[in-house]
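Asker: Okay, here's the structure, questions in a sec.
The values are calculated or read from the model by the stated rules, or taken from the named source; none is laboratory data. It should be emphasised that the depicted structure is a prediction, and the values quoted were computed from it without experimental measurement. Note that each Cβ is placed from the backbone with ideal geometry, even for glycine, and that neighbours are counted across all protein chains shown.
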Amino acid sequence: MGTTVDQMLAEMRKAKEIGADVLEIRLDCLRKFNPHQDLEILIKRSPLPTLITYRPLREGGQYDGDENRRQDALRLAMHLGASYVDIELEIPTIGIAMGERGLISRILSPKFGAYLTYGALEASAISAPGQPLAKDLWDLYNFRLIRPDTKVYGVISKPVGHSKSPLLFNAAFKSAGLNAVYLHLLVDDVKKFFETYSAVDFVAGCSCGIPHKEVALKCMDEIDPIAKKIGAINNIMRRPDGTLTAFNTDYIGAISAIEDGLRELNGATPAVGSPLAGKLFVVLGAGGAGKALAYGAAQKGARIVVANRTLERAKELAGNVGGQAMTLDEVASFHPEDEMVLANATSVGMTPKIDQTPIPKRRKSCSGWSWRSTHKTFINAISHGKLRSRKF
Ligand SMILES: NC(=O)c1ccc[n+]([C@@H]2O[C@H](COP(=O)([O-])OP(=O)(O)OC[C@H]3O[C@@H](n4cnc5c(N)ncnc54)[C@H](OP(=O)(O)O)[C@@H]3O)[C@@H](O)[C@H]2O)c1
């Protein structure tokens, strides 16, 4: 918030440009304040309706003076035509929760009857933890389309802020004309989450991410047979009777990305069959994503090796898909043949530490493995002694 009248006028114009409806003017932020002269300018020159706030120190503001003078200034603002005046009633009227967990209370304010929410002009102007940017409210969350009957979807995960799913789903909802919004849902305890949010429209369905893909399975009323076989889910749907049904689509997405990559590498056409058939397929990780990849590759006829930090989990998964288990140390020098496929399904390399890898990037003792990919979960295909990499 500006500290001079001129700065405030410039910010007002900027807020109008990005689509704001109402402008809050924080009189207590002004370094010098001449009530008659400044209020006249700020209210009359405002390009949008104004909400005049003159917040005292006791309310978390910056005004440290006589209370009568503060109230006189607010009366004057009303007289000069301010659309709204913040009178600090000291009773809560809109519940806004703070931090990343509280973001949903800000975005869903139109669903639950609040008449406004805060949006910061830019990242440097965020004045409370969890406050969204105004432009994200419109561009990312379709805020103006949210109504009391809007269905809420989201991705349940921890961490969750890195997920691009809201970008994808909200754009899709808007384009398909669906009355729905998709949010980042930072969830610590999946069971408690589904007990708490049990309405048919909240949560109407969700994606399930790290580290909940296996635990969430136990909270479902119905599980698709393939997801049951894999032992992990990534897609949850709430039926009209309130029950939850889960699916695993991770394996389809990951495996088809790898197949496309291999076809690109080998110049083969899709009709030839899966390029994974007969290949040695090494999965790093035995969590939700590792299970999906191992299952998917085995279905395509690949020979599976599972390497994991915790060997016991690698053994269990390898046993389920008829594969071989080993530790991450062992796999770093494992090179029985060329043209193996290596899939990283550990959480090592996630945003923001995208340069980290679960096995060393280069091993001089081993001519086979080297590491070139730099993003999140990635697939490395080794072909003709050369390394290529692909994200999924
Ligand atoms: N792009 C996509 O669509 C997509 C889809 C699914 C998953 N993913 C990504 O896949 C990754 C795994 O997700 P998940 O759901 O499978 O998680 P998860 O169930 O929590 O499993 C995590 C896996 O990472 C291993 N791991 C964790 N920290 C490690 C470390 N410091 N060193 C070595 N191994 C470590 C774990 O080994 P232990 O068994 O020893 O604990 C386990 O195998 C995440 O990065 C996730 O974002 C991406």
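Asker: Counting only residues that are within 12 Å of Val5 (Cβ to Cβ) and not hydrophobic (A, V, I, L, M, F, W, C), which one in segment 40-59 is surrounded by the fewest Cβ atoms within 10 Å (Cβ to Cβ)?
Answerer: Residues of segment 40-59 that are within 12 Å of Val5 (Cβ to Cβ), as a first pass: 40-46.
So of that shortlist, the ones also not hydrophobic (A, V, I, L, M, F, W, C) come out as 40, 44-46.
Values: Glu40: 15, Lys44: 10, Arg45: 12, Ser46: 22.
Once the filter is applied, the top-ranked residue is Lys44.
Residue-by-condition table, conditions (1) under 20 Å from Thr357 (Cα atoms); (2) part of a loop (DSSP other than H, G, I, E, B):
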position	(1), (2)
Ile226	no, no
Ser274	no, yes
Val282	yes, no
Ala294	yes, no
Ala297	no, no
Glu312	no, no
Lys315	no, no
Ala325	yes, no
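Asker: Go through segment 120-173 residue by residue and tally those that are hydroxyl-bearing (Ser, Thr, Tyr) and surrounded by fewer than 15 Cβ atoms within 10 Å (Cβ to Cβ). Steps first, answer last, please.
Answerer: Applying the first criterion (hydroxyl-bearing (Ser, Thr, Tyr)) to segment 120-173 yields 124, 127, 141, 150, 153, 157, 163, 165.
Pick out the ones that are also surrounded by fewer than 15 Cβ atoms within 10 Å (Cβ to Cβ) and you get 124, 127.
Residues that pass the stated criteria total 2.
Asker: Looking at segment 211-255 only, could you name the residues that are more than 10 Å from the ligand (Cβ to nearest atom) and charged (D, E, K, R)?
Answerer: Passing the criteria: Lys218, Asp221, Glu222, Asp224, Lys228, Lys229, Arg238, Arg239, Asp241.
Asker: Okay, moving on. Only one of (1) crowded, with 16+ Cβ neighbours inside 10 Å; (2) among the basic types (Lys, Arg); (3) farther than 27 Å from Cys206 by Cβ is not met by Arg263, so which one is it?
Answerer: Among (1) crowded, with 16+ Cβ neighbours inside 10 Å; (2) among the basic types (Lys, Arg); (3) farther than 27 Å from Cys206 by Cβ, Arg263 violates only (1).
Asker: Follow-up. Could you check how many residues of segment 310-350 are over 23 Å from Ile255 (Cβ atoms) and within 9 Å of the ligand (Cβ to nearest atom)?
Answerer: Adding up the residues that qualify gives 3.
Asker: Going through segment 105-137 one residue at a time, which ones are within 16 Å of Arg26 (Cβ to Cβ) and part of a helix (DSSP H, G or I)?
Answerer: Scanning segment 105-137 gives Ser124, Ala125, Ala134.
Asker: Taking the conditions exactly as written (within 16 Å of the ligand (Cβ to nearest atom), of a type in the set (Val, Ile, Thr) and modelled with pLDDT under 95), does Ile258 satisfy them or not?
Answerer: On the way: within 16 Å of the ligand (Cβ to nearest atom): yes; of a type in the set (Val, Ile, Thr): yes; modelled with pLDDT under 95: yes.
In short, yes.
Asker: Let me spell it out: the conditions are (1) surrounded by 15 or more Cβ atoms within 10 Å (Cβ to Cβ); (2) part of a loop (DSSP other than H, G, I, E, B); (3) more than 12 Å from the chain's Cα centre (by Cα); (4) free of Cβ contacts under 8 Å to residues at least 60 places away in the same chain, and Lys213 meets all of them except one. Which number is the exception?
Answerer: Every condition holds for Lys213 apart from (4).
Asker: Follow-up. Hey, Met220 hits all of (1) at pLDDT 95 or above; (2) on the phi > 0 side of the Ramachandran plot but one; which does it fall short on?
Answerer: (2)
Asker: Suppose we filter segment 124-141 for residues that are of a type in the set (Gly, Ala, Ser) and modelled with pLDDT of 95 or more; how many remain?
Answerer: We begin by selecting, within segment 124-141, every residue of a type in the set (Gly, Ala, Ser); these are 124-125, 127-128, 130, 134.
Going one step further and asking which of them are modelled with pLDDT of 95 or more, we end up with 134.
Counting residues in segment 124-141 that are of a type in the set (Gly, Ala, Ser) and modelled with pLDDT of 95 or more gives 1.
Asker: Would you tally the residues in segment 77-119 being surrounded by 16 or more Cβ atoms within 10 Å (Cβ to Cβ), hydrophobic (A, V, I, L, M, F, W, C) and touching a residue at least 60 places away in the same chain (Cβ under 8 Å)?
Answerer: Total satisfying the criteria: 4.
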